[in-house]
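K.L.:
Take a look at the following structure, please.
The values are calculated or read from the model by the stated rules, or taken from the named source; none is laboratory data. What you see is a predicted model, and the numbers here were worked out from it, not measured in a lab. Cβ coordinates were reconstructed from backbone atoms using ideal geometry, including for glycine residues, and neighbour counts include every protein chain displayed.
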Amino acid sequence: MKKFTSVSDVENLQEIIQKALQIKENPLSETQKGKGKTIGLVFLNSSLRTRLSSQIAAQNLGLNVLTLNAAQEAWNLEFADGAVMNGDTVEHIKDAIEVLNQYCDIIAVRCFAGMKSKEDDVNESILSQFLQHAKVPVISLESATRHPLQSLADCITITENWKKEHKPKVVLTWAPHIKPIAHAVGNSFAEWMQEMDVELVIANPEGYDLDKNFTKDVKVIHNQDEALKDADFIYVKNWSSFDDYAAMPEVKENWMLTNEKLANTNQAKVMHCLPVRRNVELSDEVMDGENSIIYQQAKNRIFSAQAVFSEILDELNS
Amino acid sequence: MKKFTSVSDVENLQEIIQKALQIKENPLSETQKGKGKTIGLVFLNSSLRTRLSSQIAAQNLGLNVLTLNAAQEAWNLEFADGAVMNGDTVEHIKDAIEVLNQYCDIIAVRCFAGMKSKEDDVNESILSQFLQHAKVPVISLESATRHPLQSLADCITITENWKKEHKPKVVLTWAPHIKPIAHAVGNSFAEWMQEMDVELVIANPEGYDLDKNFTKDVKVIHNQDEALKDADFIYVKNWSSFDDYAAMPEVKENWMLTNEKLANTNQAKVMHCLPVRRNVELSDEVMDGENSIIYQQAKNRIFSAQAVFSEILDELNS
Amino acid sequence: MKKFTSVSDVENLQEIIQKALQIKENPLSETQKGKGKTIGLVFLNSSLRTRLSSQIAAQNLGLNVLTLNAAQEAWNLEFADGAVMNGDTVEHIKDAIEVLNQYCDIIAVRCFAGMKSKEDDVNESILSQFLQHAKVPVISLESATRHPLQSLADCITITENWKKEHKPKVVLTWAPHIKPIAHAVGNSFAEWMQEMDVELVIANPEGYDLDKNFTKDVKVIHNQDEALKDADFIYVKNWSSFDDYAAMPEVKENWMLTNEKLANTNQAKVMHCLPVRRNVELSDEVMDGENSIIYQQAKNRIFSAQAVFSEILDELNS
C-alpha cells in the first residue's frame, strides 16, 4: 500500500479486515516492524479517537511518533498556491509538507472540510497538497470528503458482528445536529460499504442527499421508518446539505434514533463514529443500550490504523 | 491497588512510602513492568509537575504514555447526565471515558474543582464519572477535593526529612492569594497527615476552615503565630472559604510566610505544592532560603507517581 | 560541551560539523547513549522544525523526551526578579526551572525576543534565567539574540554544498516582511559564519544594521545588487531595526529575492531558516527552484541537534 486516503488505496478489502482482526488478537506481534522509522501525525483539527488510536497503533509497530497540533504548536498555514504571504499566514502548507518529508517516513494528516467553499472541499484543497508534495506515504486521518481509517474500522466491526450467511441490511441514517457538519464520514461509509457484501440503504431527509460520486447507485430513502425496517446495522451520522452546500434545510420529522425506532428493525446493531451529541443524534437509551456497538467500533480504530500502518511499512521495507 | 484517588485507596501508607524511596534509589529497577501497557494521562486543566512527573514515572516503568489535553486537542465535553446536547458541548464525558477504556490499561485524570457549584465540587462531579464508567484503574492527577499524588509526595518528603524519634509538629498554614483557589491540596494534606505519625495543626483565618470531612479532629488555630510556634514542618497553601463557598472573606493580618515568622519555629522545613505566588503566599527569602524543601518535594512527585503506577500494575499483572 | 547557547560553546566547529555529517550517514549509531536520561523541550513560542527535529534527534540517541508547551499546558510565567505575584502570573520562571532541574538531565528551551524592550532582549532576560538557575546543561532552541542549532545546521549545509578549494562568498541578505521580526537568526548566522572558512557579506537597507556585537568587522552593504554579485550562498532573512529597536524604517527598493537577482550571482545556493513568507521574502520561483537548498537545510536540523545532544551526553556520561 503506497498511501491510504480512500477505499481505492486498498488492494483487497477482505484481506486487510482479516489482518486487522489478527492484529486485534495479538497487537504486539510486529513490534520490530517500524523500528527506526518515524510517523508524523499532523492535526489541523481536533481529535480524540484518531489521535490516541493512531499513537497506539504506531507504538505497537515500534514506530517513533511525532504529533503536531499544527495551528497551536507551529505556524499559521497558507494554503493558496502563489499567494503573496503578506497577511496572517506565516508558512505555506507546501513548505511544511516538504519539511515533513525530511523528518518522517510516513505522514498522516487530519484536514477537515472548511465548509465554506464547496469547490475547495470537493477538491480536497488541503489533502491534495499533501498528495502532491509528500515524498513519503500519506495517510488520511480524515480529510474534507473521506474518513477512511474510520470506515475500515466500521468494516471490521460489521465483520465481527455478522456471522449469518445472508447479507446484512446496513442503513446509513442521517441524524439531527445543530450546525453544519461535513460529509466525510457519510461519504466514506457509503463508499466502503459498496465494497462489502452487504445491502446498503441510505436514509436522509429531502435536501440532504450525499454527493452522488460517493453514493453512486445506492438506494436513498427519504423516510427513516421505511429505511430502518429490518435493518441489521444502523449507522447514525449527521451531515449538512451537499447540494446547497453546508446549508441546513428544515427537517419536520424527528430523525433522532430512539429505542422506539429500533423496535422496527431486525434488532439492529447501532454504530456511530463519535463524538456523538446525545439526545440530539440518538437518545441516551440507544447509546447506553445493548444494541450499541459504538465503543467496540471505537476500539477497532486501533486495529484499523495498525493494519494500514503495517501495510505501509511493508511497502517501505520492501 | 485497584485505583488511586485518596489515601483510603492505600492499604499500607508506610509500605508505599518505603517503596517510593526505594524507587528513588533506583528508578529504573522495573523497566519491564509496564511493557505493552498504556496509561492515558487526561488533562482537563493546566499542569507542569504532574504532567512531567507522571510521564517520567510511566516511562521508568516501560509504560506507553498517551497524553491528552482534552479541551484543546479533543472535544468540548458535556458533564451533565441526560443532557440534550444541542449547545456548545460536543462529546459526553462518559463516552470519552468509555473510549479511553478501549485504549488504555490505566486512566489518569486531572479534573479541578469548578469553584462555581459547591455541590458539584464536593460530589466530585467529574471524577465520579470516571470512577463510575472506567473499566480500568483510575488515578487522580488532582480532582475537585483531593490531590493524592501530591500528598503521597509530601509524605515521602517529610519521611526523608525527619530522623528524630518524636513526632514532628506539622503546620498546614493558609496563605494569601488573589483569587478563589480550590481546597484539594489542603484537604488532601490534612487527610494524609492524619495517617502519618505526626502532630498536625491547621492554621487559617476565621471563615477559612476546611471541610470537616477532611480535617476531622485536627486542631484548627486562627492565629498563625500561635500555630507556627515550634513547628518542624510548615506546609503553605492558599484556599478560599469552604463554608461560604469560593468566597474570600477579608483577612486583616498578613499571613504571608516570611523569615521573621520562621524564626518562631523549630527551624521548620517549608513545603509548598507549587506553583507558588512569590511574595504573596511566601516571601522570596523563604522560597530561596535553606529551610525550603519545596524543590525536593517536587522531585518526589516522580517517585510518588511511580510507586502508585507500580502498585496498579501489580494488580493488572496479577 | 557543558551548554549550547552560542558558537562560543563549541570547542571545535569543524569537528562538530563532521560529527553531524557522520550522524547523517548513520543516525542510529548511538541509540544507547541517552538511555535512562531525559531531555525536557520547553517551548515558550511556536515551533515546527525545532520541535520535530529535536524530538527525532533525542529519540535517535535513546533519550526520553518531555515536551512542554509552557503557556498552553502549564502556568502563566513570571519573569521579573522580586516580583510581588499578585497579578496574572502564576509561577515564577525560576521555580519552573528549579523543577525542571529535578526532572530533566538536559533542559532545552525556546524563548524568543519579546521585541518590546531592547534591554530585555539584548540581555536575554529569559535565557539568562535558565543559565542562572539550571543545574543541568541548557540548550537554546532559539533565544532572544541567537538561534545556534539553526546556525550549526547552516554550517553543515554549506559544508555539504561546497567542494571547491577557495572560500565561498556567503551573503546574508535582509528580506522584506510585514511585521517586526527578531534578530536572532541574523545575529547567529553572522556569528557562526565568522568561524567558518567563508567570505561573509551582509546586505541590508539603511537603518537595518544588525548589532555590531554580532557582526563585528563583517562588511555591511546597503545595496543588495552589489552585495549579491558573485555570491555562492545567499541566506535570506528578515529582521527589524536594531538601532531604533523593532521599528521598520521605510525601504524604497524591492529586497525580495527573485530569479532575476539570482542571475547576478555565481549560481548561488539559496538558504532560509523557515518559516518563509513566499512572494514577500523570496519569490515562489526561487523557493521552488533548483538553487534552493532550504529543505536540505531543514533536514540538517536533525543532525545539528543530534550532534549537540550527543556532545552534551558525553559530558554527562563522563
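K.L.:
Of all helices (runs of 4 or more DSSP H) completely enclosed by the stretch B:229-318, which ones contain at least 3 residues that are within 14 Å of chain C (Cβ to nearest Cβ) and surrounded by 15 or more Cβ atoms within 10 Å (Cβ to Cβ)? Walk me through how you get there before you give the answer.
P.N.:
Working: elements: B:259-262, B:284-287, B:294-317.
Ranges flagged: B:284-287, B:294-317.
K.L.:
Scan the stretch C:53-86 for residues that are polar (S, T, N, Q), more than 30 Å from B:Ser283 (Cβ to Cβ) and more than 7 Å from chain B (Cβ to nearest Cβ) and report the count.
P.N.:
Final tally of qualifying residues: 7.
K.L.:
If B:Ser29 meets every condition in (1) part of a helix (DSSP H, G or I); (2) hydroxyl-bearing (Ser, Thr, Tyr); (3) more than 19 Å from the chain's Cα centre (by Cα) apart from one, which number is that one?
P.N.:
It is condition (1) that B:Ser29 fails.
K.L.:
Every residue in the stretch B:193-208 that is within 20 Å of the chain's Cα centre (by Cα) and surrounded by fewer than 14 Cβ atoms within 10 Å (Cβ to Cβ), please.
P.N.:
B:Asp197
K.L.:
Ok, one more. Evaluate the stretch B:21-33: report whether one residue or more is within 13 Å of chain A (Cβ to nearest Cβ), out of contact with any Gly (no Cβ under 8 Å at 6 or more places or on another chain) and not polar (S, T, N, Q).
P.N.:
no
K.L.:
Can you tell me how many residues within the stretch B:180-210 are under 17 Å from B:Asp244 (Cα atoms) and of a type in the set (Val, Ile, Thr)?
P.N.:
We begin by selecting, within the stretch B:180-210, every residue under 17 Å from B:Asp244 (Cα atoms); these are B:180-184, B:186-187, B:204-210.
Checking which are of a type in the set (Val, Ile, Thr) leaves us with B:181.
Of the residues in the stretch B:180-210, 1 are under 17 Å from B:Asp244 (Cα atoms) and of a type in the set (Val, Ile, Thr).
K.L.:
Continuing with this model, one more query. Considering only residues that are at negative phi and acidic (Asp, Glu), which ones fall in the stretch B:92-124?
P.N.:
The first filter runs over the stretch B:92-124 and keeps only residues at negative phi, leaving B:92-114, B:116-123.
Across the stretch B:92-124, the qualifying residues are B:Asp95, B:Glu98, B:Asp105, B:Glu119, B:Asp120, B:Asp121.
K.L.:
When only residues in the stretch A:158-182 that are among the charged types (D, E, K, R) and within 14 Å of chain B (Cβ to nearest Cβ) count, which is surrounded by the fewest Cβ atoms within 10 Å (Cβ to Cβ)? Steps first, answer last, please.
P.N.:
Residues of the stretch A:158-182 that are among the charged types (D, E, K, R), as a first pass: A:160, A:163-165, A:167, A:169, A:179.
Next, from what is left, pick out any that are within 14 Å of chain B (Cβ to nearest Cβ): A:160, A:179.
On the way: A:Glu160: 16, A:Lys179: 10.
Within the stretch A:158-182, the match that is surrounded by the fewest Cβ atoms within 10 Å (Cβ to Cβ) is A:Lys179.
K.L.:
What are the residue pairs meeting all of these: first residue in the stretch C:2-19, first residue closer than 15 Å to C:Glu142 by Cβ, second residue basic (Lys, Arg) and surrounded by 15 or more Cβ atoms within 10 Å (Cβ to Cβ), Cβ atoms under 6 Å, and 6 or more apart or on different chains?
P.N.:
C:Ser6/C:Arg146; C:Asp9/C:Lys3
K.L.:
While we're looking at this one, here's another question. Any idea which of B:Thr50, B:Thr38, B:Thr89, B:Thr5 is within 11 Å of another protein chain (Cβ to nearest Cβ), within 29 Å of B:Val276 (Cα to Cα), buried (at least 18 other Cβ atoms within 10 Å of the Cβ) and at pLDDT 95 or above?
P.N.:
Result of the check over B:Thr50, B:Thr38, B:Thr89, B:Thr5: B:Thr50.
K.L.:
Ok, one more. Conditions first: (1) in contact with a His (Cβ under 9 Å, 6 or more places away or on another chain); (2) within 24 Å of C:Gln267 (Cβ to Cβ); (3) surrounded by fewer than 23 Cβ atoms within 10 Å (Cβ to Cβ). C:Asp211 passes all but one, so which condition is the exception?
P.N.:
Going through the list (1) in contact with a His (Cβ under 9 Å, 6 or more places away or on another chain); (2) within 24 Å of C:Gln267 (Cβ to Cβ); (3) surrounded by fewer than 23 Cβ atoms within 10 Å (Cβ to Cβ), C:Asp211 breaks only (2).
K.L.:
Given the residues A:Lys163, A:Lys135, which is the only one that is in the same structural domain as A:Gln306 (by the TED database) and free of Cβ contacts under 8 Å to residues at least 40 places away in the same chain?
P.N.:
Numbers: A:Lys163 fails: in the same structural domain as A:Gln306 (by the TED database).
From the options A:Lys163, A:Lys135, the qualifying one is A:Lys135.
K.L.:
Additional query: Modelled with pLDDT under 95 and either buried (at least 22 other Cβ atoms within 10 Å of the Cβ) or closer than 27 Å to B:Val276 by Cα (or both): does that describe B:Ala71?
P.N.:
yes
K.L.:
Which condition does B:Met115 not pass, out of (1) at pLDDT below 95; (2) within 27 Å of B:Leu282 (Cβ to Cβ), if it passes all the others?
P.N.:
That leaves (1) as the condition not met.
K.L.:
Further question: Quick one: how many residues across the stretch A:124-157 are over 17 Å from A:Met193 (Cβ atoms), crowded, with 24+ Cβ neighbours inside 10 Å and of a type in the set (D, E, K, R)?
P.N.:
Count: 1.
K.L.:
Further question: Counting just the residues of the stretch C:121-150 that are among the small types (Gly, Ala, Ser) and out of contact with any strand residue (DSSP E or B) (no Cβ under 6 Å at 6 or more places or on another chain), which one comes out farthest from C:Ser54 (Cα to Cα)?
P.N.:
C:Ser125
K.L.:
Continuing with the same structure: Just checking, which of B:Gln32, B:Gln55, B:Gln59 is surrounded by fewer than 19 Cβ atoms within 10 Å (Cβ to Cβ), without any contact (Cβ under 8 Å) to a residue 40 or more places away in the chain and farther than 22 Å from A:His272 by Cα?
P.N.:
Values: B:Gln55 fails: surrounded by fewer than 19 Cβ atoms within 10 Å (Cβ to Cβ); B:Gln59 fails: surrounded by fewer than 19 Cβ atoms within 10 Å (Cβ to Cβ).
Criteria check complete, one pass: B:Gln32.
K.L.:
Right, something else. Name the residues in the stretch A:107-124 that are among the aliphatic types (A, V, I, L, M) and closer than 14 Å to A:Asn69 by Cα, would you?
P.N.:
A:Ile107, A:Ala108, A:Val109
K.L.:
If you check B:Ala96, B:Ala74, B:Ala70, B:Ala80, which single one turns out to be within 21 Å of the chain's Cα centre (by Cα) and among the aliphatic types (A, V, I, L, M)? Show your work before the answer.
P.N.:
Values: B:Ala96 fails: within 21 Å of the chain's Cα centre (by Cα); B:Ala74 fails: within 21 Å of the chain's Cα centre (by Cα); B:Ala80 fails: within 21 Å of the chain's Cα centre (by Cα).
Going through B:Ala96, B:Ala74, B:Ala70, B:Ala80 in turn, just one is within 21 Å of the chain's Cα centre (by Cα) and among the aliphatic types (A, V, I, L, M): B:Ala70.
K.L.:
Going through the stretch C:228-264 one residue at a time, which ones are free of Cβ contacts under 8 Å to residues at least 12 places away in the same chain and either among the aliphatic types (A, V, I, L, M) or not assigned by the TED database to the domain that holds C:Val198 (or both)? Walk me through how you get there before you give the answer.
P.N.:
Of all residues in the stretch C:228-264, those free of Cβ contacts under 8 Å to residues at least 12 places away in the same chain come to C:250, C:252, C:260, C:263.
C:Ala263, the sole residue that qualifies.
K.L.:
Among the residues that make up the stretch B:204-225, is at least one of them assigned to a loop (DSSP other than H, G, I, E, B), modelled with pLDDT of 95 or more and within 14 Å of chain C (Cβ to nearest Cβ)?
P.N.:
Residues of the stretch B:204-225 assigned to a loop (DSSP other than H, G, I, E, B): B:204-211, B:216-218, B:222-223.
Within this subset, residues satisfying the condition of being modelled with pLDDT of 95 or more are B:204-211, B:216-218, B:222-223.
In the following step, the residues that additionally are within 14 Å of chain C (Cβ to nearest Cβ) were identified as none.
Checked the stretch B:204-225: no residue is assigned to a loop (DSSP other than H, G, I, E, B), modelled with pLDDT of 95 or more and within 14 Å of chain C (Cβ to nearest Cβ).
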